[in-house]
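All remarks here apply to the structure that follows.
The values are calculated or read from the model by the stated rules, or taken from the named source; none is laboratory data. Small disclaimer: the values here were computed from a predicted structure and weren't measured. Here the Cβ positions follow ideal geometry from the backbone for every residue, glycine too, while neighbour counts run over all protein chains shown. What goes into the accessible areas is simple: the full protein's heavy atoms, side chains included, and nothing from ligands, DNA or RNA. Shrake-Rupley method; radii C 1.70, N 1.55, O 1.52, S 1.80 Å.
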Amino acid sequence: MALVKLQTEHFRNLVDAPVWFSPSFNLLFGENGSGKSSVLEAIGYLGLGRSFRVNRHQAVCQHGHQNFTVFGGLDGGLGGSLAGRLPVSAQPELVHRLGIGRNLASKETTLRVDGEAVRNLSVLARHLPVSVIDPGVFEIVAGGPGKRRQFLDWAVFHVEPEFSSVWQQCQRVISQRNQTLRNGRLDEALIRVWDRRYEVLATRVNEARQAAFELFRQAFDRLLTEVPTPWTAGLKMDLAPGWDTSQPLAELLANHREQEMRMGHTLYGPNRADIRMRFQGRPVAETFSRGQQKTLVILMKIAQGIVLNRLGKQVTFLLDDINAELDVGHRAMLAQKLYELRCQVFMTSIEKPQPQDLWPGTVPEYRMFHVEHGGLTEE
């Protein structure tokens, strides 16, 4: 499915008017501060339940208001030929309607799918898989393990239906273990109960991650054979589960009880997992140039899209100011691979895009919008 209609209320500087998009490519351009990134941010709310730019809901709510809403209409996704332009008047039939609202005063979030209230953000996310490529995403390579776990778990969530529930349970057990470890005088019987429960959940989390990671790695390795990246020869990528799985986790925790008590938190398990990326035995962050790291992350994102595509899911990619991060050649490579993937794309830039530069061959179906003062005008 693809997001073909967007309407917001009191969200950033966006005009409260509906906009119809293409299920293929949408090119947004305008000056800094015009509202381009805010459009992507609003779409992100529907697929992620949060902003990919800031951590606080208050930051996206218009000044003087205590609530905001984002509404999205989905169609059945791409079908048939992708070439040509979609008529401006075309408004496809909506298959699903998604909505999210936030009241800052009560701190309550309202979620709706097809007019019915739902309690879990995962319901919205499953309808609209959103993948963000913005300047901050390159921390997947250069940043800490948390960034890479987040990258991995996005795919696991869409590949393994039960993962979200199991991981949430696992995180609650970790929180309980940490509280027990910090109590000063350790209740050994209680900590053993948490250890056994943690071991069961951690094993299930790791199995789901390993299965999804193997699908990702297969897609990624195949992708490397299709793009001109000779500098990736010798690149190794593996999933470290966060503990030595050759021995029971509960036993490992018991053997390191004093260490965990000194630190006051859980030191082993899926909360310590990481995707290890090495080139000739050294971390990629130390050996690859900044440009190579950016290209690597984009290829990793595309590989995730390939995995979901094979499962019959259409990913909506949000590319925020990608011109500032990639040269013309790499932008064309990215655009072509996304075209082949038959996904939906929203791409922002300051200058008016030239589709012929992005797709030197066949130009796919697209819509282009000029963004000014929070309003979108189709060109």
Practice task
Return yes or no: is residue 306 open to solvent by 20 Å² or more (accessible area, probe 1.4 Å), among the aliphatic types (A, V, I, L, M) and within 15 Å of residue 224 (Cβ to Cβ)?
Solution key: yes
Practice task
Could you tell me which residue of segment 344-354 is least open to solvent (accessible area, probe 1.4 Å), considering only residues that are in contact with a strand residue (DSSP E or B) (Cβ under 6 Å, 6 or more places away or on another chain) and farther than 22 Å from residue 12 by Cα?
Solution key: 344
Fill in the blank from the handout: For segment 308-337, pairs from a residue that is at pLDDT 90 or above to a residue that is of a type in the set (Asp, Glu) and surrounded by fewer than 16 Cβ atoms within 10 Å (Cβ to Cβ), with Cβ under 6 Å and 6 or more apart or across chains, are none
Practice task
Could you tell me whether any residue of segment 233-244 is among the small types (Gly, Ala, Ser) and open to solvent by 60 Å² or more (accessible area, probe 1.4 Å)?
Solution key: yes
Problem - Residues satisfying the stated conditions in segment 267-303, i.e. aromatic (Phe, Trp, Tyr) and open to solvent by 20 Å² or more (accessible area, probe 1.4 Å) - result: 268, 279
Fill in the blank from the handout: Among residues of segment 19-63 being aromatic (Phe, Trp, Tyr) and open to solvent by 10 Å² or more (accessible area, probe 1.4 Å), the residue farthest from residue 74 (Cα to Cα) is 29
Exercise for the section: Inspect segment 198-211 for any residue being buried (at least 21 other Cβ atoms within 10 Å of the Cβ), assigned to a helix (DSSP H, G or I), of a type in the set (Ser, Thr, Tyr) and touching a residue at least 12 places away in the same chain (Cβ under 8 Å) and give the result as yes or no. Expected result: yes
Exercise for the section: Six or more apart or on different chains, Cβ under 6 Å: which pairs go from a residue in segment 18-45 that's over 24 Å from residue 356 (Cα atoms) to one that's in a loop (DSSP other than H, G, I, E, B) and of a type outside the set (Ser, Thr, Tyr)? Could you list them? Expected result: 35/13; 35/14; 35/374; 38/12; 38/14; 41/53; 44/52
Handout entry: Check on residue 296, of a type in the set (A, V, I, L, M) and more than 16 Å from residue 224 (Cβ to Cβ)
Key = no
Practice task
For residues that are open to solvent by 10 Å² or more (accessible area, probe 1.4 Å) and assigned to a helix (DSSP H, G or I), scanning just segment 217-232, find the one that is nearest to residue 170 (Cα to Cα).
Solution key: 217
Exercise for the section: Identify all residues within segment 255-265 that are open to solvent by 40 Å² or more (accessible area, probe 1.4 Å) and not acidic (Asp, Glu); write none if there are none. Expected result: 255, 256, 259, 261, 262, 263, 265
Practice task
Kindly indicate whether residue 130 is open to solvent by less than 70 Å² (accessible area, probe 1.4 Å) and not polar (S, T, N, Q).
Solution key: yes
Completion exercise
A careful count of residues in segment 346-379 that are part of a strand (DSSP E or B), in contact with a Leu (Cβ under 9 Å, 6 or more places away or on another chain) and farther than 15 Å from residue 21 by Cβ gives 1
Fill in the blank from the handout: Filtering segment 63-88 down to residues that are assigned to a loop (DSSP other than H, G, I, E, B) and modelled with pLDDT of 90 or more yields 63, 64, 65, 66
Completion exercise
Within segment 147-185, restricting to residues that are in contact with a Gly (Cβ under 9 Å, 6 or more places away or on another chain) and of a type in the set (A, V, I, L, M, F, W, C), the one that is nearest to residue 128 (Cα to Cα) is 170
Completion exercise
For segment 1-18, the count of residues that are open to solvent by 30 Å² or more (accessible area, probe 1.4 Å) and of a type in the set (A, V, I, L, M) equals 3
Handout entry: Hey, residue 251 farther than 18 Å from residue 166 by Cα, of a type outside the set (Phe, Trp, Tyr) and not in a loop (DSSP other than H, G, I, E, B) or not
Key = yes
Exercise for the section: Go through (1) touching a residue at least 60 places away in the same chain (Cβ under 8 Å); (2) open to solvent by 70 Å² or more (accessible area, probe 1.4 Å); (3) of a type in the set (D, E, K, R) and name the single condition residue 357 misses. Expected result: (1)
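Here's the yes/no breakdown for (1) open to solvent by less than 20 Å² (accessible area, probe 1.4 Å); (2) charged (D, E, K, R); (3) assigned to a helix (DSSP H, G or I):
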residue: 139; (1), (2), (3): no, yes, yes
residue: 148; (1), (2), (3): no, yes, yes
residue: 151; (1), (2), (3): yes, no, yes
residue: 154; (1), (2), (3): no, no, yes
residue: 157; (1), (2), (3): no, no, yes
residue: 164; (1), (2), (3): no, no, yes
residue: 167; (1), (2), (3): no, no, yes
residue: 172; (1), (2), (3): no, yes, yes
